[in-house]
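A.B. asks: Input: one structure, supplied below.
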Amino acid sequence: MILYNVTSNIDTSIQNQWLKWMQEKHIPELLATGKFTSARLVKVLVEEEMGGVTYAAQYTTDSKETLQRYYDEDAPKLRAEALALFGDKVLAFRTELEFVSEFFQSN
């Protein structure tokens, strides 16, 4: 299983607009591609020297091949929309992670 992580630093002037767009439009559209099985949006609690507020969107997919299909078929359109709406007020970087093992507390 692959975790596709997109960490974004958001200018505080557009934080609420970006958060609403992510939750109501972008994440649902990304899931609607059928290439991801789940998504989560988390806020990074460490203050950045560059200012703004940082969030990480994490999407789960079954394989690197499926993720590559997302890059080829869907990512350009979705990224272009973000750029058109928010321009340089959002700085994002992407990380691909592979699940090795997962642990849960037992009672």
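Every read-out reported here was derived from the displayed coordinates using simple, explicitly stated rules and does not represent laboratory data. A quick note: this is a predicted structure, and the numbers were derived from the prediction, not measured. All Cβ positions, glycine included, derive from the backbone under ideal geometry; neighbour counts span all protein chains shown.
A.B. asks: Which one is surrounded by the most Cβ atoms within 10 Å (Cβ to Cβ) among residues in segment 80-103 that are aliphatic (A, V, I, L, M) and not in a helix (DSSP H, G or I)? Outline the logic, then answer.
C.D. replies: Residues of segment 80-103 that are aliphatic (A, V, I, L, M), as a first pass: 80, 82-85, 90-92, 97, 100.
Going one step further and asking which of them are not in a helix (DSSP H, G or I), we end up with 90-92, 97, 100.
On the way: Val90: 18, Leu91: 15, Ala92: 16, Leu97: 12, Val100: 6.
Out of the qualifying residues, it is Val90.
A.B. asks: Can you spot a residue in segment 49-56 that is over 15 Å from the mean Cα position of the chain (by Cα), of a type outside the set (S, T, N, Q) and in a helix (DSSP H, G or I)?
C.D. replies: No, that holds for no residue.
A.B. asks: Scan Lys43, Lys64, Lys35 and give me the residue that is closer than 30 Å to Ser101 by Cβ and either crowded, with 17+ Cβ neighbours inside 10 Å or of a type in the set (Phe, Trp, Tyr) (or both). Can you show your working first?
C.D. replies: On the way: Lys43 fails: either crowded, with 17+ Cβ neighbours inside 10 Å or of a type in the set (Phe, Trp, Tyr) (or both); Lys64 fails: either crowded, with 17+ Cβ neighbours inside 10 Å or of a type in the set (Phe, Trp, Tyr) (or both).
Testing whether each residue is closer than 30 Å to Ser101 by Cβ and either crowded, with 17+ Cβ neighbours inside 10 Å or of a type in the set (Phe, Trp, Tyr) (or both) leaves just Lys35.
A.B. asks: Residues being out of contact with any helix residue (DSSP H, G or I) (no Cβ under 7 Å at 6 or more places or on another chain) and more than 25 Å from Leu67 (Cα to Cα): count how many of those fall in segment 1-12.
C.D. replies: Adding up the residues that qualify gives 1.
A.B. asks: Look at Lys25 and say whether it is part of a helix (DSSP H, G or I), more than 18 Å from Ala75 (Cβ to Cβ) and free of Cβ contacts under 8 Å to residues at least 40 places away in the same chain.
C.D. replies: no
A.B. asks: A further question follows. Tell me which residues, restricted to segment 1-22, are over 16 Å from Phe86 (Cα atoms) and assigned to a strand (DSSP E or B).
C.D. replies: Within segment 1-22, Ile2, Leu3, Tyr4, Asn5 qualify.
A.B. asks: Could you tell me whether any residue of segment 31-45 is at negative phi, part of a helix (DSSP H, G or I) and not β-branched (Val, Ile, Thr)?
C.D. replies: Yes, that holds for at least one residue.
A.B. asks: For segment 50-59, indicate whether the set of residues that are surrounded by 13 or more Cβ atoms within 10 Å (Cβ to Cβ), touching a Phe, Trp or Tyr at 6+ places or on another chain (Cβ under 6 Å) and closer than 16 Å to Glu29 by Cβ is non-empty. Walk me through how you get there before you give the answer.
C.D. replies: Of segment 50-59, the ones surrounded by 13 or more Cβ atoms within 10 Å (Cβ to Cβ) are 52-59.
Imposing the further condition that a residue be touching a Phe, Trp or Tyr at 6+ places or on another chain (Cβ under 6 Å) reduces the set to 59.
Now restrict to residues that are closer than 16 Å to Glu29 by Cβ: 59.
Yes.
A.B. asks: Does segment 63-76 include one or more residues that are of a type in the set (Ser, Thr, Tyr), part of a strand (DSSP E or B), free of Cβ contacts under 8 Å to residues at least 60 places away in the same chain and more than 13 Å from Met22 (Cβ to Cβ)? Don't jump to the end; show me each part of the working.
C.D. replies: Looking only at segment 63-76, we keep the residues that are of a type in the set (Ser, Thr, Tyr), and these are 63, 66, 70-71.
From what is left, the residues that are part of a strand (DSSP E or B) are none.
Taking every residue of segment 63-76 in turn, none turns out to be of a type in the set (Ser, Thr, Tyr), part of a strand (DSSP E or B), free of Cβ contacts under 8 Å to residues at least 60 places away in the same chain and more than 13 Å from Met22 (Cβ to Cβ).
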